[in-house]
Amino acid sequence: MKTIYLKTKFFIALALVVFFMNSCDSFVEVDLPKSQLTSTTVFEDYATATAALTDIYSKIRDKGILTGSNTGISNQLGNYTDEIVCYGTPTNPSLPFYNNQLLATTPTITEYWNSTYNQIYAANSIIEGVTANTKLSAENINQLEGEALFIRALLHFYLTNLFGEVPYIKQTDYKKNSVALRMSSEEFYQNIMQDLAKAIELLPNNYSSTERIRPNRLVAKTLLARVYLYRKLYAQAENEASSILNQTTLFNLEANTNNVFLIGSKETIWQLKSAAAGRNTLEATVFIFKSGPPPLVALSNTLVNTFSTQDQRKTNWIKNVTNGTTIWYHAFKYKEQNPTAKSLEYSIVFRLAEQYLIRSEARAHLGDLIGAKEDLDKIRNRAGLGNTDAQTQDEILKAVLQERRWEFFTEHGHRFFDLKRLNQIDQKLSAVKIGWNTTDILLPLPQSELSANPNLLPQNQGY
């Protein structure tokens with residue numbers, strides 16, 4: 001994979017880290033100016049090593065799977081399912097997702113693969129660099145290695161849920177990476193869980209700042225709870241979610257849904273800081289529009305019409321725009337489309353509501369129907385709704401899925417992943433998506449990567 005196997009050199013110019021200069025799809029070699037230090041020196045100082053690490057978060061925010069821009073999965077998987085309707089010109093990168101016309105050569109598919117493995121390579125460089133270092137304190141090494149392990153697990157989690165069986169990359173040896181083999185789902189998830197277990201062991205329980213932009217032990221446990229749920233390990237999912245929900249001095253549901261996506265929200269578990277002071281989220285620039293027809297995307301009427309008029313999520317997280325004859329709707333979770341005097345919103349990756357719904361689903365499967373309903377009602381009541389009418393296990397599980405649809409629309413592909421893991425995706429999407437096929441549950445592997453590494457063959461079915 002050219003994304004992983006081309007060599008890179010880390011270097012710094014005095015206090016400035018020029019961390020990894022990459023072309024649009026691969027690492028590149030750069031000559032080392034006389035005024036700059038070699039890569040090993042980056043990891044001899046905590047400040048420069050931290051700068052190298054936090055640069056990965058910037059890359060995650062700006063490019064690849066989790067970016068809030070229109071190419072990220074918050075938008076694209078919304079188009080791929082039943083959340084979003086695509087508008088704009090034929091060059092809109094969402095059209096192949098919306099029309100179910102993805103190809104192995106679709107640029108966004110290649111971007112997901114390349115950017116994500118690029119970010120994984122950088123995380124592996126951090127792990128190798130700090131663990132081989134003798135000048136950092138044990139506490140600093142643990143922090144840096146723990147965060148890098150979390151990043152590696154997080155990115156691989158999304159890769160396998162999008163592409164299926166893919167390589168799990170744990171080193172920076174480009175020769176080995178260039179011929180990496182696809183890994184079975186079971187072995188792949190074992191690697192994710194091992195990375196998270198070690199990250200939990202190494203990371204501190206406290207945040208490094210009030211902004212919650214650096215992962216700690218609780219952030220790693222949050223992802224682990226989701227992994228357990230996806231793997232149907234319900235007892236473990238319940239335990240991990242409880243360990244987060246019990247941290248009531250740190251986390252609480254916001255009573256007002258208008259406050260959920262603000263920087264200081266007590267509901268935020270981990271968020272990605274904006275690129276500069278006064279900037280807000282890329283999501284807001286994608287989803288908000290002031291006049292119709294929408295320039296890029298709008299929420300589907302199918303989604304909007306499922307909300308009760310009493311639901312404060314419909315009132316506060318959805319906004320309508322009309323030209324006098326037609327009404328369109330856009331996501332309004334993030335409300336600041338333009339820069340402000342100081343940043344008001346960061347892109348949230350994990351928030352507390354998911355942990356309630358993870359535990360509710362896990363408890364229902366474990367037969368604790370009373371506990372499952374209590375967790376479900378926490379989310380419903382916060383939204384201004386009464387307690388659920390669901391009584392049986394099957395009814396509660398259906399209610400949880402519906403609640404997840406209302407709670408997480410346009411957030412990192414939750415709808416797609418939920419329907420897929422629950423084997424409901426064909427039933428739900430074949431009725432609303434023209435040309436939906438069973439094989440569409442996986443994205444195609446990029447053709448350029450198949451050509452570079454034949455060990456990635458065969459191509460996913462249907463492409």
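Scan the stretch 288-306 residue by residue and report those that are more than 14 Å from residue 317 (Cα to Cα) and assigned to a strand (DSSP E or B).
Result: 297, single match.
Output the residue which, of all residues in the stretch 379-427 that are acidic (Asp, Glu) and in contact (Cβ under 8 Å) with a residue 60 or more places away in the chain, is nearest to residue 331 (Cα to Cα).
Ranking the qualifying residues of the stretch 379-427, first place goes to 411.
Is there a residue being surrounded by fewer than 23 Cβ atoms within 10 Å (Cβ to Cβ), out of contact with any helix residue (DSSP H, G or I) (no Cβ under 8 Å at 6 or more places or on another chain), of a type in the set (A, V, I, L, M) and not assigned by TED's automatic domain parsing to the domain that holds residue 285 anywhere in the stretch 103-111?
no
Would you please name the residue that is surrounded by the most Cβ atoms within 10 Å (Cβ to Cβ), looking only at residues in the stretch 394-437 that are at pLDDT 95 or above and among the basic types (Lys, Arg)?
The residue in question is 415.
Test residue 212 against the stated conditions and say whether it is in a helix (DSSP H, G or I) and either basic (Lys, Arg) or in contact with a His (Cβ under 9 Å, 6 or more places away or on another chain) (or both).
no
Pull up the stretch 255-287, narrow it to residues that are in a loop (DSSP other than H, G, I, E, B), polar (S, T, N, Q) and within 20 Å of the chain's Cα centre (by Cα), then point me to the one that is surrounded by the most Cβ atoms within 10 Å (Cβ to Cβ).
The qualifying residue surrounded by the most Cβ atoms within 10 Å (Cβ to Cβ) is 281.
Given the options 252, 239, name the one that is outside any helix (DSSP H, G or I) and within 15 Å of residue 355 (Cβ to Cβ).
None of the others qualify; the one that does is 252.
Identify the single condition in (1) part of a helix (DSSP H, G or I); (2) of a type outside the set (A, V, I, L, M); (3) not assigned by TED's automatic domain parsing to the domain that holds residue 161 that residue 386 does not satisfy, given that it satisfies every other one.
(1)
Where in the stretch 52-137 are the helices (runs of 4 or more DSSP H), entirely inside, with at least 2 residues that are modelled with pLDDT of 95 or more and more than 22 Å from residue 462 (Cα to Cα)?
Because the criterion is at least 2 residues that are modelled with pLDDT of 95 or more and more than 22 Å from residue 462 (Cα to Cα), the helices (runs of 4 or more DSSP H) in the stretch 52-137 that meet it are 73-80, 107-131.
Can you name every one of the strands (runs of 3 or more DSSP E) wholly within the stretch 315-359 that holds 1 or more residues which are touching a strand residue (DSSP E or B) at 6+ places or on another chain (Cβ under 9 Å) and without any contact (Cβ under 8 Å) to a residue 60 or more places away in the chain?
Here the list reads 318-322, 327-331.
Might you check whether a residue that is over 24 Å from residue 361 (Cα atoms) and either in contact (Cβ under 8 Å) with a residue 24 or more places away in the chain or exposed (fewer than 14 other Cβ atoms within 10 Å of the Cβ) (or both) occurs anywhere in the stretch 214-230?
Yes, that holds for at least one residue.
The values are calculated or read from the model by the stated rules, or taken from the named source; none is laboratory data. Treat the numbers as computed from the prediction; the structure is a model and nothing was measured. Using ideal geometry, Cβ is built from the backbone for each residue, glycine included, and neighbour counts are taken over all protein chains shown.
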